[in-house]
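S.K.: Starting off with a structure, shown below.
FYI, it's all coordinate maths here, none of it is from the lab. A quick note: this is a predicted structure, and the numbers were derived from the prediction, not measured. Heads up, the Cβs are rebuilt from the backbone with ideal geometry, glycines too, and the neighbour counts pull from every protein chain shown.
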Amino acid sequence: MSTNPSWHEKLLGGFRRTSDRLIGNLAGLGGARLEYETLDDIEEALIASDLGPETAGHIRSRLAEGTFERDMEDLGIRLVVAEEVEKALAKVARPLEIDAFPRPQVILVIGVNGSGKTTTIAKLAHLFMEQDYGVMLAAGDTFRAAAIGQLATWAERVGVPIVTGPEGGDAAGVVWDAVKQATATGIDVLIVDTAGRLQNKRELMDELAKIRRVLGRLNPEAPHDVVLVLDATTGQNALSQIEVFGEVAGVTGLVMTKLDGTARGGVLVAAAERFGLPIHAIGVGEGMTDLRPFDANEVSRIIAGVDGARK
Ligand SMILES: Nc1nc2c(ncn2[C@@H]2O[C@H](COP(=O)(O)OP(=O)(O)OP(=O)(O)O)[C@@H](O)[C@H]2O)c(=O)[nH]1
Ligand SMILES: [Mg+2]
């Protein structure tokens, strides 16, 4: 029998900080009648737990509704929290669909240095392979030889072809070659890695703009997806990354990784309400099976601490 933690156990880990904080902050606020001051306290507690102000406001209004519901215990409050968080997350939980015509569908993967781009690409490739799509990778992070090597190792492990260029070479050139090869060989999905290690916003913008120009010349629809990879352990910082990359690269969807260990998963809710961008998948580890589209019900129950597996 495997002793590896299950998907659900890893998720519990990734949301523990958020849900512990939430449960701690809400403890003792139920029970008595919910007066205005108590409602204020609850709303503050929710925001302090990384849920965005909008969701916190909805929860407050729900709790303030009708005098009958006012004698609530902690658990009753948490059930309302779970329902409202689920509503916020259900709107954005949207797996990546492969529906480009003509093929290939080009997915550009971007994000700050170390956020988990390369690992996420491997996990996505595995997910699409399982759905019987033909997948190819492009090593568009040409800044370091190690980056090319890391993606090549993953390509081999997952069992997909990869197009690379020389270290320090032109990323747009690699992407050009990759699209040509993917088209010629009937590939369904081409996933493009990019460098996070760029000096500044200007340089990043120029590089991504060049890749986009090259793609557009081969297929006006490409890139079909621009997926921003966010590291859940960076908490609120993830929100400013969405803003910056949105401006620079026109983000079409998000993947949140490292929702295991020391993550502050509540930021997922804040991101959902602030930007409304599709959240395609979440990652809970470094293995190729550690990425899935997420289940808004499961995640919201974990955040609110009303999950069956948790006492
Ligand atoms: N715990 C955990 N670690 C992860 C996860 N995803 C990636 N990592 C680790 O985070 C580190 C950075 O991941 P990469 O995929 O190399 O990140 P990157 O964005 O490609 O980094 P650069 O290419 O340097 O910009 C690696 O050590 C990964 O193994 C995850 O979901 N959970
Ligand atoms: Mg990388």
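S.K.: Name the shape class, rounded, prolate or oblate, that the alpha-carbon gyration tensor gives for the stretch 257-311, where a ≥ b ≥ c are the square roots of its eigenvalues, rounded holds for a/c under 1.5, and otherwise prolate holds if a/b is larger than b/c and oblate otherwise. Present the calculation step by step, with values, prior to reporting the outcome.
M.R.: Numbers: a/c = 1.61, a/b = 1.03, b/c = 1.56.
Note, shape of the stretch 257-311 comes out oblate.
S.K.: Follow-up. Do the sum for the chain: with -39,500 (n - 2.57) for every DSSP H run of n ≥ 4, divided by all residues, what is the mean residue ellipticity at 222 nm, to the nearest 500 deg cm²/dmol? Before the final figure, lay out the partial values.
M.R.: Values: 11 runs with 153 residues, N = 311.
After summing the helix terms and dividing by residue count, I get -16000 deg cm²/dmol.
S.K.: Kirkwood hydrodynamic radius, computed over distinct alpha-carbon pairs, for the stretch 105-224: how many Å, to one decimal?
M.R.: After inverting the mean inverse Cα-Cα distance, the result is 14.0 Å.
S.K.: Does the stretch 7-91 classify as rounded, prolate or oblate by the C-alpha gyration tensor (a ≥ b ≥ c root eigenvalues; a/c under 1.5 gives rounded; else a/b over b/c gives prolate, otherwise oblate)? Display every interim value, and only then the final one.
M.R.: Details: a/c = 1.86, a/b = 1.59, b/c = 1.17.
Prolate is the answer for the stretch 7-91, as a/c is 1.5 or above and a/b outweighs b/c.
S.K.: Quick one: helix 7-26 against the long Cα principal axis of the chain, what's the angle to the nearest 10°, folded into 0 to 90?
M.R.: Relative to the chain, helix 7-26 is tipped by roughly 40 degrees.
S.K.: Starting from the Cα gyration tensor of the stretch 55-161, take the square roots of the eigenvalues, sort them a ≥ b ≥ c, and report rounded, prolate or oblate (rounded when a/c is under 1.5, otherwise prolate if a/b is larger than b/c, else oblate).
M.R.: Verdict is prolate for the stretch 55-161.
S.K.: Something else: Between the helical axis of 53-64 and the dominant principal axis of the chain, each derived from Cα atoms, what acute angle in degrees is found, rounded to the nearest 10?
M.R.: Approximately 30 degrees, to the nearest 10.
S.K.: OK, next. Could you give the size of the charge dipole of the chain about its Cα centre, using +1 on the Cβ of each K and R and -1 on the Cβ of each D and E, expressed in debye and rounded to the nearest 20? Show your work: numbers first, answer last.
M.R.: Working: 32 positive and 44 negative charges, 149 e Å.
Using Cβ point charges on Lys, Arg, Asp and Glu, the chain gives about 720 debye.
S.K.: Sorted by mean Cβ packing within 10 Å, highest first, what order do the peptides 272-282, 216-226 take?
M.R.: Working: 272-282: 20.6, 216-226: 16.6.
The most tightly packed comes first, giving 272-282, 216-226.
S.K.: Name the most mobile residue of A184, A209, A122, meaning the one with the largest mean-square fluctuation, in a Gaussian network model of the chain with Cα contacts below 10 Å.
M.R.: Looking only at A184, A209, A122, the largest GNM fluctuation is found for A184.
S.K.: Could I ask something else about it? Can you tell me which lysines have their Cα less than 28 Å from the Cα of K210? Leave out same-chain residues fewer than eight positions away.
M.R.: Answer for K210, where 28 Å is the Cα cut-off: K117, K123, K180, K201, listed by chain and number.
S.K.: Another one. Need the full-extension length gain, D20 to E243, defined as separation in residues times 0.36 nm minus the C-alpha distance. One decimal, nm.
M.R.: Details: separation 223, 0.36 × 223 = 80.28 nm, distance 2.81 nm.
Here the answer is 77.5 nm.
S.K.: Which of L124, L63, L12 moves the most in a Gaussian network model of the chain with Cα springs under 10 Å?
M.R.: With Cα springs under 10 Å in the chain, the top fluctuation among L124, L63, L12 is at L63.
S.K.: For the chain, what is one quarter of the convex hull surface built on the Cα atoms, given in nm²?
M.R.: Working: hull surface 68.2 nm².
Average of the hull's projected areas for the chain equals 17.0 nm².
S.K.: Sort Y36, Y133 so that the residue with the fewest other Cβ atoms within 10 Å of its own Cβ comes first and the one with the most comes last. Spell out each step's value before the answer.
M.R.: Working: Y36 8, Y133 17.
Result, fewest neighbours first: Y36, Y133.
S.K.: How far is helix 117-130 tilted off the main Cα axis of the chain, in degrees rounded to 10, range 0 to 90?
M.R.: Here the helix axis deviates by roughly 90 degrees.
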